[in-house]
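Working notes, beginning with the structure itself.
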Amino acid sequence: MGDVRTGEEHIAIVGAGQAAASLALRLRHGGYSGALTIFGDEPHPPYQRPPLSKAYLKREWTVDRLYLRPAEFWSGLGVDVVTGAPVTALDPAARTLEVGGRSVAWTKLALATGTRPRPLPPEFADLSGVYELRSLADADRLEGEIRPGRRLLVLGGGYVGLETAAVAAKAGVTVTVVERAARILERVACAETSDAIRALHAGHGVRILEGRSVAGVEAREGAVAAVTLDDGTRLDVDAVLVGIGVLPRDELARAAGLTCENGIVVDAHGRTSVGGNWTPGIWAAGDCASFPFEGVPTRLESVQNAVDQAECAADDMLGHTRSYAPVPWFWSDQYEMKLQIVGLNRGYDAVLRRQSERGESLWYFRDRRMIAVDALNDARTYMAAKKLLEAGAVLTLDEVADAGFDPVARMKRSA
């Protein structure tokens, strides 16, 4: 870590993920020439997390391919990437942060601290054979369990759990998914999308148990050996992946007095606040940040949000203020299925299913107006829906329900 002299312009970025990388790139490309440092607590430069439960776990990608840029790129750009350096405290008044036992001065600060897995259920405390999947190190530990003949229990029927289940099943692992809610993907998708993904997994031999929770755990020589569910079902297991969601990493911000509520609260420009007053010099972006979206405090966990919100915050740091008003998009790869999602289905009151030659799509409506689309192996519909939402086009339930409706033709008319 290079020394920063008192009074020297210095932008510090806490966190070393997608948002941090996007912030640094935007700042440099936007003309910022002062000192710029990324602080990451992992021993890696910024890397992609989505492939951890997909291509990396399948051994299709190496570590180097995960990196957003090689280490020499950052040094060539004049960005000091400090790895293995957790920031332990920050002082907004003094404009300093504590890292590695020393105090570092900054003139502007961006928090891109991401998320952390929810705490493990207490039944699994101190047992070997129990895994999480959030970091590269987590994926490396789990990889040894993905081999023929092993028995894997996945706790949590969200995207990460289901993607891991797909990789494991394809590798010859016997997989059971246990979801506490009434159905998989209940928090993020409609019942029709859940049905399609459930059928996909069943076709690959994965057992999915919904509306069930863990009642007991048996260990053998310090390792997990069996799990009993609340309905009495007993599952012999060799390994357990706990994928029960994540929490925003806002501990630093809270300790520094910044306003936090389901993440670090920011305005439409990425600025943080204290007691309702925006904090000079401190921004936040990515999975850790809660921002106003359609009038509702919102925290998104996606590559799209990490990149776009980070760039918006960087622009504000450079004096090019604009408001962040995204069209969110997400994706999930499971077996040969690509699920692509555009828009935010929050508050939907109707869903319309459409078939195409390529696949199918689920269209979400609120007050008869389209707000989001899930496309299953239907990239053409996904791209059309994305363009329509970005253009602010108004699509009604009646229009989309018409047998002759063509999303691509509609997109071209709106262009």
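The values are calculated or read from the model by the stated rules, or taken from the named source; none is laboratory data. Predicted model only: the values in this text are computed from it and were never measured. Positions of Cβ are backbone-derived with ideal geometry, glycine not excepted, and every protein chain shown enters the neighbour counts. Surface areas here come from the heavy atoms of the whole protein model, side chains and all, with no ligands, DNA or RNA. Shrake-Rupley method; radii C 1.70, N 1.55, O 1.52, S 1.80 Å.
The reciprocal of the average 1/r between distinct C-alpha atoms defines the Kirkwood hydrodynamic radius, which for region 363-415 equals 11.1 Å.
Using a 1.4 angstrom probe on heavy atoms only, work out the carbon and sulfur share of the accessible area of region 176-220 in %.
Roughly 43 percent of what the probe reaches on region 176-220 is carbon or sulfur.
Based on the Cβ-Cβ distance from VAL408 to ARG368, what FRET efficiency comes out when R0 is 30 Å, to the nearest 0.05? The pair VAL408/ARG368 has a calculated efficiency of 0.85. Only the Cβ atoms of Lys and Arg (+1) and of Asp and Glu (-1) were treated as charged; on that basis the dipole of the chain about its Cα centre amounts to roughly 640 debye. Helix-only arithmetic for the chain: the sum of -39500 (n - 2.57) across DSSP H runs with n ≥ 4, divided by the residue total, places the mean residue ellipticity at 222 nm at -6500 deg cm²/dmol. Only protein heavy atoms count here; under a 1.4 Å probe, MET337 has an accessible surface of about 30 Å². Protection proxy ranking, highest mean first, for peptides 281-289, 352-360: 281-289, 352-360, where packing is the per-residue count of other beta-carbon atoms within 10 Å, averaged.
Annotation: average projected area of region 136-293 is 12.2 square nanometres, based on the convex hull of Cα atoms across all directions. From the alpha carbon centroid of region 34-57 to that of region 84-102 is 20 Å. Among residues other than GLU143 with Cβ under 10 Å from its Cβ, the summed charge is +1 (Lys and Arg +1, Asp and Glu -1).
Note on the chain: Lys pairs 8 or more places apart or on different chains, Cα atoms under 28 Å apart, count 12. Solvent-accessible surface of region 254-314, taken per residue with a 1.4 Å probe and all protein chains present: 36 Å².
Applying Stokes-Einstein at 4 °C and 1.567 mPa s to the Kirkwood radius of the chain, computed over alpha-carbon pairs, gives a translational diffusion coefficient of 57 µm² s⁻¹.
The reciprocal of the average 1/r between distinct C-alpha atoms defines the Kirkwood hydrodynamic radius, which for region 14-56 equals 11.5 Å.
Whole number in Å², please: accessible area per residue of region 56-133, 1.4 Å probe, ligands, DNA and RNA not counted.
Each residue of region 56-133 exposes 52 Å² on average to a 1.4 Å probe.
For region 49-204, the equivalent ellipsoid derived from the Cα gyration tensor has semi-axes of 36, 19, 17 Å, listed largest first. If you wrap the tightest convex hull around every Cα atom of region 100-168 and split its volume per residue, you get 155 Å³. Element breakdown for region 15-64 at a 1.4 angstrom probe: carbon and sulfur atoms account for 49% of the accessible area.
Dividing the C-alpha radius of gyration of region 282-371 by 2.2 N^0.38 Å, with N its residue count, gives 1.30.
Percentage of Cα-Cα pair distances in region 58-105 greater than 18 Å, rounded to whole percent?
On the way: 596 of 1128 pairs.
Looking at region 58-105, the distances longer than 18 Å represent 53 percent of pairs.
Each Cα pair under 8 Å and six or more residues apart adds its sequence gap; the mean of these over the residue count of the chain is a relative contact order of 13 percent. Just the protein heavy atoms count here, and of the accessible area of region 302-415 at 1.4 Å, carbon and sulfur take up 51 percent. A dipole drawn for the chain from +1 and -1 charges on Cβ atoms has a positive end, and of GLY243, PRO122, SER33 the residue lying farthest that way is SER33.
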